[in-house]
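Each remark here refers to the structure printed beneath this line.
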Amino acid sequence: MEISVVAGNITQQESPAIVVGMLQGVTDPAGALGEVDQALDGAITSLIEDGEIKGNRGELTLLHTLGKLPSKRVVVAGLGYSDSVSINTVRALAASVGRLLRSKGVTQFVSVVLGTGEGGMGESESAQAVVEGAELGLYRFDKHKTDQSSPQVREITLIAADDSKIANIESGVNRGRIIADAVNLCRSMANEPPNFMTPTMMAENALDVATSTGIEIEVLDRPQMAELGMGALLGVAQGSDEPPKLIVLRYHGDPNNEENNLGIVGKGITFDSGGLDLKSAAGMLEMKSDMAGGASIIGAMKAIAQLKPKVNVIGIVPATENMPGGKAQRPSDVVKAMNGKTIEIGNTDAEGRLVLADGVAYARSLGITKIVDVATLTGAVVVALGNLASGIFGNDQNWIDTVIQSGESVGERLWQLPTFDEYKDQYKSDIADINNTGGRGAGATIGALIIGEFADGAQWAHLDIAGTNRTSSVDGFNPKGATGAPVRTLVALAESQSSE
Ligand code: BES
Ligand code: MN
Ligand code: ZN
């Protein structure tokens with residue numbers, strides 16, 4: 001999508017559509033809305049009087065200008081009450097405006113920087129939110145459809161009041177584009193069918209990120225992982241004919257300050273059949289996106305490499321299928337992770353914590369002291385939180401709070417669940433150091449604590465995104481399918497660690 005910024009007055013634009021915002025409760029339109037109203041001989045005022053336009057958050061009214069303005073259509077976009085207008089409002093609003101206009105066959109439109117009126121946000125923030133909203137809301141995963149003819153919005157122009165405001169708005173546009181592209185990369189990887197998005201293809205995607213941004217990449221194959229003693233990851237991989245990959249992306253943003261590091265580690269199970277503890281048909285159906293955590297790492301690394309915060313970030317993705325092939329690991333096998341800990345396999349379907357055990361241990365072996373892992377880890381977190389929040393767990397309250405705050409700053413909800421020491425009794429093993437399962441209760445906590453066993457003194461937080469990584473219906477700026485969560489949280493977190 002092309003996005004440009006021009007100085008001028010929105011009423012003078014010649015376009016298939018122009019977009020103006022309206023606060024709830026306004027009776028006498030002012031600013032851009034007022035000028036459009038005047039040009040339309042008071043049509044907006046009279047619709048307000050009739051009670052048809054209220055300015056409620058998300059309310060959209062499409063008017064035809066019938067020659068009274070150079071543009072063919074006007075969209076009045078409701079912002080809600082002035083004290084509640086936020087970048088989250090504008091992001092979602094821009095998404096629904098984009099979809100409304102696309103549904104009318106409009107491929108190009110002009111918008112004001114929404115929500116910047118009295119008491120509103122800055123123009124750069126608004127521009128970022130509009131671009132994020134439009135790019136995220138208009139995203140479509142249609143590459144496997146043979147008919148590629150359905151219309152798409154190709155161009156959005158943002159209006160600046162005068163030339164002096166262009167640079168600031170453009171900087172917001174640039175940030176918005178970088179972040180939305182990263183989220184959409186994550187979505188596309190997670191939406192891709194599992195016969196396409198194999199561990200090898202995940203590594204290819206990571207390689208594209210590395211070559212386009214100039215960051216370092218290393219991809220370890222099976223023999224290299226065996227050399228490092230990654231028995232937990234390789235145990236999961238042995239039931240599949242697809243070769244596993246350990247993908248490592250490195251961004252050196254603070255090269256003279258090695259201690260200022262962040263490791264982000266994502267579950268990359270490209271298909272989770274359950275292994276010999278085979279899932280039901282219904283349970284297996286969504287398991288192509290069991291690599292969404294890993295995809296979020298690759299997406300976030302792409303944005304971080306472009307936004308350049310002053311912090312060193314390593315992205316690690318242990319990628320493999322979990323299949324029930326002839327060489328598959330058995331329930332009751334014992335494997336050894338790279339840090340020497342032994343794990344009894346209570347259930348082959350609890351594979352995420354196994355690949356993350358080696359992923360997190362690998363981060364530690366590289367000297368990383370601050371870790372966040374991201375995984376579609378448990379059905380239990382979906383029971384607890386539904387799809388409104390990801391679960392967050394960890395071993396250090398300050399670090400957990402920092403991650404929650406990063407999520408909050410971008411409108412991605414994280415809700416902390418407990419990790420009381422007594423829970424650890426649940427995954428004791430009679431014959432190994434630990435078991436990979438822990439009975440009925442507190443399933444999301446047990447999964448988290450097992451990963452935490454490999455954090456070894458680092459500040460560590462775990463995000464369980466099983467409920468938030470996809471949506472079954474259009475929801476704000478999320479189309480049906482992969483959401484790209486928590487890419488924006490990870491990017492905000494990296495920026496929060498910038499020593500600048
Ligand atoms: N990938 C699943 C978790 C999952 C379930 C993600 C539903 C998204 C939607 C994970 O590997 C898994 O199978 N977890 C088991 C763990 C159990 C065997 C201890 C689960 O949650 O049932
Ligand atoms: Mn599983
Ligand atoms: Zn899984």
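Out of 233, 220, 228, one residue alone is open to solvent by 60 Å² or more (accessible area, probe 1.4 Å), among the aliphatic types (A, V, I, L, M) and modelled with pLDDT of 95 or more. It is 228. Please verify whether segment 429-446 includes one or more residues that are within 18 Å of residue 363 (Cβ to Cβ) and either touching a residue at least 12 places away in the same chain (Cβ under 8 Å) or out of contact with any Ser or Thr (no Cβ under 7 Å at 6 or more places or on another chain) (or both). No: segment 429-446 contains no residue that is within 18 Å of residue 363 (Cβ to Cβ) and either touching a residue at least 12 places away in the same chain (Cβ under 8 Å) or out of contact with any Ser or Thr (no Cβ under 7 Å at 6 or more places or on another chain) (or both). Cβ separations smaller than 8 Å between residues 6+ apart or across chains give the following pairs from segment 261-272 residues that are touching a residue at least 12 places away in the same chain (Cβ under 8 Å) to residues that are among the basic types (Lys, Arg) and within 16 Å of ligand 1 (Cβ to nearest atom): 270/288; 271/288; 272/279. Among what's in segment 297-349 and is surrounded by fewer than 18 Cβ atoms within 10 Å (Cβ to Cβ) and of a type in the set (Gly, Ala, Ser), pick the residue that is farthest from residue 492 (Cα to Cα). This residue is 326. Applying a threshold of 7 Å to beta carbon distances and a minimum spacing of six or more residues, or different chains, the list of pairs starting in segment 482-494 at a residue that is modelled with pLDDT under 95 and ending at one that is open to solvent by 10 Å² or more (accessible area, probe 1.4 Å) is empty.
A quick yes/no check of all residues on (1) within 16 Å of ligand 2 (Cβ to nearest atom); (2) in a strand (DSSP E or B); (3) within 26 Å of residue 415 (Cα to Cα):
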| residue | (1), (2), (3) |
| --- | --- |
| 327 | no, no, no |
| 340 | no, no, no |
| 347 | yes, no, no |
| 355 | yes, no, yes |
| 361 | no, no, yes |
| 364 | no, no, yes |
| 371 | no, yes, yes |
| 387 | no, no, yes |
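Looking at segment 42-50, is at least one residue without any contact (Cβ under 8 Å) to a residue 60 or more places away in the chain and part of a strand (DSSP E or B)? Within segment 42-50, none of the residues are without any contact (Cβ under 8 Å) to a residue 60 or more places away in the chain and part of a strand (DSSP E or B). Would you be able to tell me the number of residues in segment 27-41 that are open to solvent by 20 Å² or more (accessible area, probe 1.4 Å) and out of contact with any helix residue (DSSP H, G or I) (no Cβ under 7 Å at 6 or more places or on another chain)? So the answer is 5. The strands (runs of 3 or more DSSP E) falling completely within segment 223-321 that include 2 or more residues that are away from ligand 1 (no atom under 16 Å from the Cβ) map to 245-252, 261-266.
When segment 389-401 is filtered for residues that are over 21 Å from residue 261 (Cβ atoms) and either assigned to a helix (DSSP H, G or I) or within 16 Å of ligand 3 (Cβ to nearest atom) (or both), the ones remaining, listed by number, are 390, 391.
Filtering 377, 356 for residues that are touching a His at 6+ places or on another chain (Cβ under 9 Å), open to solvent by 10 Å² or more (accessible area, probe 1.4 Å) and within 16 Å of ligand 1 (Cβ to nearest atom) leaves a single hit, 377. Of the residues 103, 71, the single one that is small (Gly, Ala, Ser) and in contact (Cβ under 8 Å) with a residue 24 or more places away in the chain is 71. Within segment 454-500, restricting attention to residues that are hydrophobic (A, V, I, L, M, F, W, C), closer than 19 Å to residue 291 by Cβ and assigned to a loop (DSSP other than H, G, I, E, B), the residue that is least open to solvent (accessible area, probe 1.4 Å) is 465.
The values are calculated or read from the model by the stated rules, or taken from the named source; none is laboratory data. Keep in mind that what you see is a predicted model, and the values were worked out from it rather than measured. Glycine gets a Cβ as well: all are built from the backbone with ideal geometry, and neighbour counts include every protein chain shown. Each accessible area value is taken on the protein alone, full model and side chains, heavy atoms only, with ligands, DNA and RNA left out. Shrake-Rupley method; radii C 1.70, N 1.55, O 1.52, S 1.80 Å.
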